[in-house]
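Q: Below you'll find the structure I mean.
The values are calculated or read from the model by the stated rules, or taken from the named source; none is laboratory data. All values reported here derive from a predicted model rather than from experimental measurement. When we count neighbours, we look across all protein chains shown, and the Cβ atoms used for this are built from the backbone with ideal geometry, even at glycine.
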Amino acid sequence: MKKLNIIKVGGNIIDDELKLAQFTKNLSLLEEPFILIHGGGKLATDLAEKLNIPQQLVDGRRITSADTLKIATMTYAGFINKNIVAQLQQYNVNSIGLSGADGNLILSKQRDKHPIDFGYVGDITKESINITLLKNLIDLQLTPIICAITHDKKGQLLNTNADEIANTVACSLSESFDVELIYCFEKNGVLLNPEDDNSVIEQLNEVAFLSLKEKGIINKGMLPKLENCFNALKEGVTQVGIINASNIVNFITKSTSNGTQIK
């Protein structure tokens, strides 16, 4: 089957103009087709603070009020998405920026309010993804750049975890492509010590993950990311990695082993 890379970028890569510029330049060097999914970095949080709109996270997941949804849509689907597309275009990577509402790409269901009311947050499944649209775009040699805003087909936009979108897109396309899922951020991989960038766990299986989780070594935002990784492997994704964004080309071409390979 044809190789397809599903790449999720987040963390401070999006917030740092120089790092984002280098990342998009590196993406242009990839010879295989890819889909890029992005979160919002700190831009949405910073804007919310300026507008005095309180923000709340539970286990690394954002509570999305009506006002927060407006900010997320403006930043994720607006400036961040189009900025990434524009940067890729300068390197002749013909890209198209999308939210989940565009082309009915990602259909979501508002999360149940019990036990925690997450507000305007949407959950998705493999059936949520319009794989026909994605395959058509790839056939047209267009690179989809997808933000973390979805919709419920009832006129309501919903905020959806970008890691979850990356995982679900990868799983939904694994029957049609040889899919590699890669999470890119500012750290060098999954770390034994969050304060030590050199304490990278080069290979991580689910048994080791659960042990590290129980000991509190892996926690907060890394938990849902890793849960998505192991789910992807179970759903047919060939390879999964968590890496520093600067290593994207070397990791995909297997010229180095920098980062964490999820087994």
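Q: How about segment 184-200: which of its residues are assigned to a loop (DSSP other than H, G, I, E, B) and surrounded by fewer than 21 Cβ atoms within 10 Å (Cβ to Cβ)? Please lay out each step first, then the result.
A: At the first step, the residues of segment 184-200 found to be assigned to a loop (DSSP other than H, G, I, E, B) are 186-190, 192-199.
Once the filter is applied, which keeps residues that are assigned to a loop (DSSP other than H, G, I, E, B) and surrounded by fewer than 21 Cβ atoms within 10 Å (Cβ to Cβ), segment 184-200 yields Glu186, Lys187, Asn188, Leu192, Asn193, Pro194, Glu195, Asp196, Asp197, Asn198, Ser199.
Q: Considering only residues of segment 1-22 that are farther than 25 Å from Asn136 by Cα and buried (at least 23 other Cβ atoms within 10 Å of the Cβ), which is modelled with the highest pLDDT?
A: Residues of segment 1-22 farther than 25 Å from Asn136 by Cα: 10-22.
The next check asks that each one be buried (at least 23 other Cβ atoms within 10 Å of the Cβ); those that pass are 10, 14.
Values: Gly10: 87, Ile14: 93.
So the residue we want is Ile14.
Q: Only one residue in Thr132, Thr143 is of a type outside the set (A, V, I, L, M), more than 16 Å from Asn81 (Cβ to Cβ) and surrounded by fewer than 23 Cβ atoms within 10 Å (Cβ to Cβ). Which one? Don't jump to the end; show me each part of the working.
A: Working: Thr143 fails: more than 16 Å from Asn81 (Cβ to Cβ).
Matching residue, one of Thr132, Thr143: Thr132.
Q: Which of the following residues is within 25 Å of Ser65 (Cβ to Cβ) and more than 20 Å from the chain's Cα centre (by Cα): Lys213, Lys154? Full working, then the answer.
A: Values: Lys213 fails: within 25 Å of Ser65 (Cβ to Cβ).
From the options Lys213, Lys154, the qualifying one is Lys154.
Q: Look at Thr253 and say whether it is free of Cβ contacts under 8 Å to residues at least 12 places away in the same chain and within 18 Å of Leu4 (Cα to Cα).
A: On the way: free of Cβ contacts under 8 Å to residues at least 12 places away in the same chain: yes; within 18 Å of Leu4 (Cα to Cα): yes.
So Thr253 passes the test.
Q: Condition first: in contact with a helix residue (DSSP H, G or I) (Cβ under 7 Å, 6 or more places away or on another chain), within 16 Å of Ile7 (Cβ to Cβ) and of a type in the set (Gly, Ala, Ser). Now tell me which residues in segment 167-191 satisfy that.
A: Ala170, Ser172
Q: Would you confirm whether any residue within segment 86-98 is at pLDDT 95 or above, closer than 26 Å to Asn52 by Cβ and in a helix (DSSP H, G or I)?
A: Step one: list which residues in segment 86-98 are at pLDDT 95 or above, which gives 86-98.
Narrowing the set further to residues that are closer than 26 Å to Asn52 by Cβ leaves none.
Among the residues of segment 86-98, not one is at pLDDT 95 or above, closer than 26 Å to Asn52 by Cβ and in a helix (DSSP H, G or I), which makes the answer no.
Q: Determine which member of the set Leu210, Leu181 is assigned to a strand (DSSP E or B) and either of a type in the set (A, V, I, L, M) or in contact with a Cys (Cβ under 9 Å, 6 or more places away or on another chain) (or both).
A: Details: Leu210 fails: assigned to a strand (DSSP E or B).
Just a single option satisfies the conditions, and that option is Leu181.
Q: Quick one: is Thr45 modelled with pLDDT under 95, hydroxyl-bearing (Ser, Thr, Tyr), surrounded by 15 or more Cβ atoms within 10 Å (Cβ to Cβ) and out of contact with any helix residue (DSSP H, G or I) (no Cβ under 6 Å at 6 or more places or on another chain)? Break it down into steps so the answer makes sense when it comes.
A: Details: modelled with pLDDT under 95: yes; hydroxyl-bearing (Ser, Thr, Tyr): yes; surrounded by 15 or more Cβ atoms within 10 Å (Cβ to Cβ): yes; out of contact with any helix residue (DSSP H, G or I) (no Cβ under 6 Å at 6 or more places or on another chain): yes.
Against the criterion (modelled with pLDDT under 95, hydroxyl-bearing (Ser, Thr, Tyr), surrounded by 15 or more Cβ atoms within 10 Å (Cβ to Cβ) and out of contact with any helix residue (DSSP H, G or I) (no Cβ under 6 Å at 6 or more places or on another chain)), Thr45 qualifies.
Q: If you scan segment 103-145, which residues turn out to be among the β-branched types (Val, Ile, Thr), touching a helix residue (DSSP H, G or I) at 6+ places or on another chain (Cβ under 6 Å) and either farther than 19 Å from Ala77 by Cβ or part of a loop (DSSP other than H, G, I, E, B) (or both)?
A: Residues of segment 103-145 among the β-branched types (Val, Ile, Thr): 106, 116, 121, 124-125, 129, 131-132, 138, 143, 145.
When the remaining residues are screened for being touching a helix residue (DSSP H, G or I) at 6+ places or on another chain (Cβ under 6 Å), the result is 106, 124, 129, 131, 145.
If the condition is that a residue be among the β-branched types (Val, Ile, Thr), touching a helix residue (DSSP H, G or I) at 6+ places or on another chain (Cβ under 6 Å) and either farther than 19 Å from Ala77 by Cβ or part of a loop (DSSP other than H, G, I, E, B) (or both), then Ile124, Ile131 are the ones that fit.
Q: With among the hydroxyl-bearing types (Ser, Thr, Tyr), over 25 Å from Phe23 (Cα atoms) and assigned to a helix (DSSP H, G or I) as the only criterion, which of Thr45, Thr68 stands out? Before the answer, list the steps.
A: Values: Thr45 fails: over 25 Å from Phe23 (Cα atoms).
Going through Thr45, Thr68 in turn, the sole match is Thr68.
Q: While we're here: List every residue pair whose Cβ atoms lie under 9 Å apart, where the two residues are 6 or more positions apart in sequence or sit on different chains, the first residue falls within segment 35-61 and is under 25 Å from Leu173 (Cβ atoms), and the second residue, located anywhere, is in a helix (DSSP H, G or I) and modelled with pLDDT under 90.
A: Matching pairs, first to second residue: Gly39/Gly11; Arg61/Pro224.
Q: Hey, another quick one. Any chance you could count how many residues in segment 23-42 are surrounded by 15 or more Cβ atoms within 10 Å (Cβ to Cβ), of a type outside the set (Ser, Thr, Tyr) and modelled with pLDDT of 95 or more?
A: Qualifying residue count, segment 23-42: 11.
Q: If the requirement is being without any contact (Cβ under 8 Å) to a residue 12 or more places away in the chain and among the charged types (D, E, K, R), which of these qualifies: Lys225, Lys215? Please lay out each step first, then the result.
A: Working: Lys225 fails: without any contact (Cβ under 8 Å) to a residue 12 or more places away in the chain.
The conditions single out Lys215.
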